[in-house]
Amino acid sequence: MEVVMGTISSYSRATGEGLIELDGGREPVLLDMRSSAGRRFRKGQRVQFSRIHGPKGIYAFRLKLIRMPRANL
């Protein structure tokens, strides 16, 4: 299964649903509570994941948050 990267473009904490914009400008991928294993995300976070076909389109699967290194101040 291909692993891809993207950025969370929208996310609802109330429903656990959102969208991920893929690197390279391809069609957005759906995010839901099952694909996130109950973790909470926020807009702008970078994630790595695989894709699967679901009832409403392409869903993220096996999501991992990509930690960005902090800049030295």
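The values are calculated or read from the model by the stated rules, or taken from the named source; none is laboratory data. Values in this document were obtained by computation on a predicted structure and should not be read as measured data. All Cβ positions, even for glycine, are placed from backbone atoms using ideal geometry, and neighbour counts span all protein chains on display.
For region 57-64, state whether one or more residues are at pLDDT below 95, surrounded by fewer than 13 Cβ atoms within 10 Å (Cβ to Cβ), assigned to a loop (DSSP other than H, G, I, E, B) and not hydroxyl-bearing (Ser, Thr, Tyr).
Within region 57-64 (the criterion being at pLDDT below 95, surrounded by fewer than 13 Cβ atoms within 10 Å (Cβ to Cβ), assigned to a loop (DSSP other than H, G, I, E, B) and not hydroxyl-bearing (Ser, Thr, Tyr)), the answer is no, since none of the residues qualifies.
So which pairs qualify, if the first residue must be in region 28-48 and over 15 Å from Ser10 (Cβ atoms) and touching a residue at least 60 places away in the same chain (Cβ under 8 Å), the second must be in a strand (DSSP E or B) and among the polar types (S, T, N, Q), the Cβ gap must be under 8 Å, and the two must be at least 6 apart or on different chains?
Sorted first by the residue in region 28-48, then by its partner, the list stays empty.
Going by what's in this entry, would Ser10 be described as in contact with a Gly (Cβ under 8 Å, 6 or more places away or on another chain) and either surrounded by fewer than 16 Cβ atoms within 10 Å (Cβ to Cβ) or at pLDDT 85 or above (or both)?
Values: in contact with a Gly (Cβ under 8 Å, 6 or more places away or on another chain): yes; either surrounded by fewer than 16 Cβ atoms within 10 Å (Cβ to Cβ) or at pLDDT 85 or above (or both): yes.
The answer is yes for Ser10.
Would you point out the residue of region 17-44, among those that are assigned to a loop (DSSP other than H, G, I, E, B) and touching an Asp or Glu at 6+ places or on another chain (Cβ under 6 Å), that is nearest to Gly57 (Cα to Cα)?
Once the filter is applied, the top-ranked residue is Pro28.
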